[in-house]
Amino acid sequence: MNKLLFYGTSDAQGVPRLLCDCKVCIQKDPLNQRTRPSAQFTMNGNVFLIDVSPDFKHQFHLYNNKKIPSTVFITHPHNDHVAGLGDLADLCYWNNVDTEVVGAPEVISELTERFPYLAKRKGLTFKGTLKWDSGETTITFHKVNHGFNGHSYGIVVHQKQGERWAYVSDSFNVTKEQWQPFYHLDLLIFGTSFWKEYLQKEKRSVYDVTEAVEIKAKLQAKNMVFTHLSHDIDIPKHAEMLSDENVSFAYDGHEILLPYLCLD
């Protein structure tokens with residue numbers, strides 16, 4: 001059975017944020033306790049990981065069933081998505097397991113420049129590509145604007161049975177051409193930090209929930225699950241405000257079936 005498990009579902013600062021006493025950060029509801037973004041999925045008996053957050057060690061202890069991912073797909077080289085690579089390297093090295101780190105060529109080039117010791121260490125190999133194939137699964141990487149923070153890559157997973165789902169963690173001001181690979185998905189996992197963000201457009205880097213719901217309709221996605229949630233999102237409260245029954249919030253430890261079926 002193919003599944004996706006959310007390791008972490010916060011934005012770059014985590015929830016609760018440091019020294020924050022807002023209503024979400026001070027409460028103890030586990031739905032609002034979020035670590036930095038990453039997700040594990042299994043297909044055809046193989047274990048894959050999307051991004052390696054700074055909280056990877058904690059997440060692996062909590063959610064992994066002692067299976068080291070064979071491949072890690074990187075959306076972009078920002079700290080909240082790759083700072084756990086050192087812990088992953090240690091995990092692979094001391095357990096004599098080889099893991100491939102895959103991403104767009106420019107992303108892999110930046111990672112090997114930032115972490116040169118990892119590129120030389122047994123256990124991790126790095127591959128820059130926009131298309132990755134394994135058996136009945138094809139992974140493709142698609143560049144999208146990330147607003148003030150540059151750009152990121154959305155990951156589309158194509159299965160031979162015809163299902164297609166995508167993970168787009170960080171995007172804003174995406175162009176018409178950049179949206180093309182994301183139409184008619186069975187599931188779109190989408191990063192959105194605020195319910196409604198009022199910051200000046202030129203300083204923003206991620207769509208808000210109200211905009212994301214419109215994007216779902218535009219792309220004609222069957223289902224949408226939100227991740228990359230800041231402390232602005234109170235899941236019990238905001239889940240009741242969603243008008244589309246095929247839209248939901250992810251949380252740390254949330255597991256779904258692929259093709260999409262909620263396992264709450």
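The values are calculated or read from the model by the stated rules, or taken from the named source; none is laboratory data. Bear in mind the structure is a predicted one, so any value in this text is a computation, not a measurement. Neighbour counts are summed over all protein chains in view; Cβ atoms, including those assigned to glycine, are modelled from backbone coordinates with ideal geometry. Only protein heavy atoms, including side chains, enter the accessible area calculation; ligands, DNA and RNA are left aside. Shrake-Rupley method; radii C 1.70, N 1.55, O 1.52, S 1.80 Å.
Within the set of pairs 6+ apart or on separate chains, which have a first residue in the range 97-116 that is touching a residue at least 12 places away in the same chain (Cβ under 8 Å) and among the hydroxyl-bearing types (Ser, Thr, Tyr), a second that is outside any strand (DSSP E or B) and surrounded by 14 or more Cβ atoms within 10 Å (Cβ to Cβ), and C-beta atoms under 8 Å apart?
The qualifying pairs are THR99/ILE68; THR99/PRO69; THR99/SER70; THR99/LEU88; THR99/CYS92; THR99/GLY123; THR112/LEU118; THR112/ALA119.
Which one of these does GLY86 not meet: (1) touching a Leu at 6+ places or on another chain (Cβ under 8 Å); (2) over 20 Å from LYS57 (Cα atoms); (3) open to solvent by 10 Å² or more (accessible area, probe 1.4 Å); (4) of a type outside the set (A, V, I, L, M, F, W, C)?
Condition not satisfied by GLY86: (2).
Starting from the range 159-186, take each residue that is free of Cβ contacts under 8 Å to residues at least 24 places away in the same chain and list its partners that are open to solvent by 30 Å² or more (accessible area, probe 1.4 Å), counting only C-beta distances under 7 angstrom and pairs at least six apart or across chains.
These pairs meet every condition: ARG164/HIS158; ARG164/ASP186.
I'd like to know if the range 67-80 contains one or more residues that are surrounded by 18 or more Cβ atoms within 10 Å (Cβ to Cβ), outside any loop (DSSP other than H, G, I, E, B) and in contact with a Pro (Cβ under 7 Å, 6 or more places away or on another chain).
yes
Residues to consider are TYR183, TYR153, TYR207, TYR167; find the one that is among the aromatic types (Phe, Trp, Tyr) and over 19 Å from THR9 (Cα atoms).
Working: TYR153 fails: over 19 Å from THR9 (Cα atoms); TYR207 fails: over 19 Å from THR9 (Cα atoms); TYR167 fails: over 19 Å from THR9 (Cα atoms).
Residue meeting the stated conditions: TYR183.
Quick one: count up the residues across the range 209-251 that are in contact with a Ser or Thr (Cβ under 6 Å, 6 or more places away or on another chain) and of a type outside the set (S, T, N, Q). Lay out the reasoning, then the answer.
Restricting attention to the range 209-251, the residues satisfying the condition of being in contact with a Ser or Thr (Cβ under 6 Å, 6 or more places away or on another chain) are 209, 212, 225-230, 250-251.
Remaining after also requiring of a type outside the set (S, T, N, Q): 209, 212, 225-226, 228-229, 250-251.
Counting residues in the range 209-251 that are in contact with a Ser or Thr (Cβ under 6 Å, 6 or more places away or on another chain) and of a type outside the set (S, T, N, Q) gives 8.
With the structure loaded, tell me whether VAL209 is within 17 Å of the chain's Cα centre (by Cα), open to solvent by less than 10 Å² (accessible area, probe 1.4 Å) and within 20 Å of PRO105 (Cβ to Cβ) or whether it fails that test. Break it down stepwise before answering.
Details: within 17 Å of the chain's Cα centre (by Cα): yes; open to solvent by less than 10 Å² (accessible area, probe 1.4 Å): yes; within 20 Å of PRO105 (Cβ to Cβ): no.
Criteria not met by VAL209.
Just need a number here: residues in the range 1-19 that are in a strand (DSSP E or B) and polar (S, T, N, Q).
Taking the range 1-19 as the starting set, the residues that turn out to be in a strand (DSSP E or B) are 3-8, 10, 15.
Going one step further and asking which of them are polar (S, T, N, Q), we end up with 10.
So the count comes out to 1.
For the range 82-137, give me each residue that is in contact with a His (Cβ under 7 Å, 6 or more places away or on another chain) and more than 30 Å from GLN159 (Cα to Cα).
none
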